[in-house]
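Asks: I have a structure here, written as structure tokens, and I will follow up with some questions on it.
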Amino acid sequence: SVGGGGEDTLGPRLAEASGQLSAMLLGAEEAWTRVGDLLSSANKERADLMRTVANQEQHITHLSSEVELVRQEGRAAVETLRARLEQEHAQTMGAARREWEAEHQRELALLRIEEEKTRADAVAETTEA
């Protein structure tokens, strides 16, 4: 009967152990499910981050090309302005030179008239004398 009594408790103990094992396995499965969810979430965040980085790089490339375009336009504008200023300077200097030459010609003409008058006066004086 004692041996039989020992055998009687084996069934419930096995059932209890089996229940504990099932609970442990269920807990482990839940834990692995959480780990899987975390990994899946981390992978999704990583993919989102990679997309964001790619978009940012594309944006940076676009901005860089725009900056280069503006830089080129600026250089072209400076060149155009420099050429215009050089042309205006040349025109101004040319006009000033022509004006000076005309003034010089007028002064020479006046000097010649004075010279002629002086010569004529000298001739008249010689004739009178």
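Since every read-out is calculated from the coordinates, none of them should be taken as a lab result. Treat the numbers as computed from the prediction; the structure is a model and nothing was measured. Reconstructed Cβ throughout: ideal geometry from the backbone, glycine too, with neighbour counts over all protein chains shown.
Asks: How big is the Rg/Rh ratio for the chain, C-alpha atoms only, Rh by Kirkwood, two decimals?
Replies: Rg/Rh for the chain comes to 2.03.
Asks: Per DSSP H run of at least 4 residues, take -39500 (n - 2.57); add these up for the chain, divide by its residues and hand me the 222 nm value, nearest 500 deg cm²/dmol.
Replies: Rounded to the nearest 500, the figure is -38000 deg cm²/dmol.
Asks: Of the options Val70, Ser40, Gly27, report the single residue whose Cα projects farthest towards the positive end of the charge dipole of the stretch 14-85 (beta-carbon charges: Lys, Arg +1; Asp, Glu -1).
Replies: Looking along the dipole axis, the top candidate is Val70.
Asks: Give me a comma-separated list of calculated 3J(HN,Hα) values for the stretch 16-24, in order, Karplus coefficients 6.51, -1.76, 1.60 applied at θ = phi - 60°, integers in Hz, x for any Gly or Pro.
Replies: Couplings: 5, 4, 4, x, 4, 4, 4, 4, 4 Hz.
Asks: Applying the Karplus parametrisation 6.51 cos²θ - 1.76 cosθ + 1.60 with θ = phi - 60° to the phi angles of the stretch 115-129, what ³J(HN,Hα) value in whole Hz is obtained for each residue in order, glycine and proline being reported as x?
Replies: 4, 4, 4, 4, 5, 4, 4, 5, 5, 4, 5, 5, 5, 4, 6
Asks: What dipole magnitude, in Debye to the nearest 20, does the stretch 1-119 give about its Cα centre under +1 on Lys/Arg Cβ and -1 on Asp/Glu Cβ?
Replies: Roughly 600 debye, rounded to the nearest 20.
Asks: Got a sec to turn the phi values of the stretch 92-108 into Karplus ³J(HN,Hα) couplings, 6.51 cos²θ - 1.76 cosθ + 1.60 with θ = phi - 60°, whole Hz, x for Gly and Pro?
Replies: The phi angles translate into 4, 5, x, 5, 5, 5, 4, 5, 4, 4, 4, 4, 4, 4, 4, 4, 4 Hz.
Asks: Can you tell me the length gained on complete extension of the stretch His104 to Arg119, counting 0.36 nm per residue apart and subtracting the Cα distance?
Replies: Values: separation 15, 0.36 × 15 = 5.40 nm, distance 2.21 nm.
Value of the extension gain: 3.2 nm.
Asks: Summing Lys, Arg as +1 and Asp, Glu as -1, what charge do residues with Cβ under 14 Å from the Cβ of Glu99 carry, Glu99 excluded?
Replies: Local charge sum for Glu99: 0.
Asks: I've got another one for you. Can you tell me which of Met93, Met50, Met24 moves the most in a GNM of the chain? Springs connect C-alpha atoms under 10 Å apart.
Replies: Evaluated over the chain, the most mobile residue of the options is Met24.
Asks: Could I ask something else about it? How are the alpha carbon pair distances in the stretch 72-129 distributed across 5 Å bins from zero to the largest one, expressed in percent?
Replies: 4, 16, 9, 11, 8, 9, 7, 7, 7, 5, 5, 4, 3, 3, 2, 1, 0
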